[in-house]
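Structure, as structure tokens:
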Amino acid sequence: DAGVTQSPTHLIKTRGQQVTLRCSPKSGHDTVSWYQQALGQGPQFIFQYYEEEERQRGNFPDRFSGHQFPNYSSELNVNALLLGDSALYLCASSLLAGGNTGANVLTFGAGSRLTVL
Amino acid sequence: RKEVEQDPGPFNVPEGATVAFNCTYSNSASQSFFWYRQDCRKEPKLLMSVYSSGNEDGRFTAQLNRASQYISLLIRDSKLSDSATYLCVVNPQSNYQLIWGAGTKLIIKP
């Protein structure tokens with residue numbers, strides 16, 4: 001049973017460039033969330049996709065955009081890269097529970113480490 | 001005030017000792033609470049959920065104090081392999097985005 005896979009694992013970009021990160025969720029999961037984790041910080045929620053639509057969004061500018069495909073995989077796109085975008089980008093998948101049934105338990109991928117020079 | 005706050009540490013603890021750390025949260029309506037563990041340069045992994053009645057998993061015990069708005073994690077008989085960063089996670093509303101603390105770094109020394 002494959003877990004969450006992310007690609008690429010590492011990449012280096014320069015300021016102003018654009019980047020696309022990819023995520024395949026765990027088998028059976030239908031929801032993908034993206035997080036940015038800067039060094040020494042906890043993950044910061046970027047957005048969540050369910051049924052190919054952005055369901056929630058954190059406090060990130062429009063330079064951050066995403067997409068979910070019919071097979072539940074997802075992409076994160078960042079335009080006009082800034083030095084401050086250097087971070088570990090984590091994808092987490094889950095199975096969306098209905099109503100107020102409580103916790104979502106996330107399965108994380110190993111992340112894509114982005115360095116912006 | 002941050003939504004979720006943790007002491008960043010590091011906590012330097014001898015092997016075999018007991019260590020505990022807390023995490024405070026600001027939203028009194030928060031519904032779900034978790035402890036995640038993150039090894040250096042790895043992804044976070046769920047350690048345990050935190051239930052209102054408190055829960056125990058082997059050497060790990062998690063407690064929730066709603067009145068004072070904090071959760072705690074107790075590790076007994078600590079092992080070298082417990083060295084990691086422990087992230088406190090709060091779900092303000094069911095099925096909504098999780099709010100993460102910055103983590104507490106734990107170093108277990110032989």
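The values are calculated or read from the model by the stated rules, or taken from the named source; none is laboratory data. A quick note: this is a predicted structure, and the numbers were derived from the prediction, not measured. Here the Cβ is made from the backbone with ideal geometry for all residues, glycine too, and neighbour counts use every protein chain on show. Only protein heavy atoms, including side chains, enter the accessible area calculation; ligands, DNA and RNA are left aside. Shrake-Rupley method; radii C 1.70, N 1.55, O 1.52, S 1.80 Å.
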_In the range A:13-54, residue farthest from the other protein chains (Cβ to nearest Cβ) [restricted to those that are hydroxyl-bearing (Ser, Thr, Tyr) and under 18 Å from A:Thr107 (Cβ atoms)]_ = A:Ser27
*Somewhere in the range B:84-91, is a residue within 14 Å of chain A (Cβ to nearest Cβ) and open to solvent by 20 Å² or more (accessible area, probe 1.4 Å)?*
yes
*asked:* For the list (1) open to solvent by 70 Å² or more (accessible area, probe 1.4 Å); (2) under 23 Å from A:Gln41 (Cα atoms), I need the number of the one condition that B:Glu15 fails.
replied: (2)
*Qualifying residues in the range B:72-83 (those that are aliphatic (A, V, I, L, M) and surrounded by fewer than 19 Cβ atoms within 10 Å (Cβ to Cβ)) - the one nearest to the other protein chains (Cβ to nearest Cβ)*: B:Leu74
*Would you mind finding the one in B:Gln63, B:Gln31, B:Gln97, B:Gln69 that is within 11 Å of chain A (Cβ to nearest Cβ) and touching a residue at least 12 places away in the same chain (Cβ under 8 Å)?*
B:Gln31
*asked:* Can you find a residue that is in contact (Cβ under 8 Å) with a residue 60 or more places away in the chain and closer than 24 Å to A:Ser94 by Cβ anywhere in the range B:8-17?
replied: no
*Could you name every one of the strands (runs of 3 or more DSSP E) located completely within chain A that has at least 1 residues being open to solvent by less than 30 Å² (accessible area, probe 1.4 Å) and within 23 Å of B:Val4 (Cα to Cα)?*
A:31-37, A:44-50, A:53-57, A:87-94
*Scan the range B:18-26 and give yes if some residue there is part of a strand (DSSP E or B), open to solvent by less than 70 Å² (accessible area, probe 1.4 Å), more than 14 Å from every other protein chain (Cβ to nearest Cβ) and aliphatic (A, V, I, L, M), otherwise no.*
yes
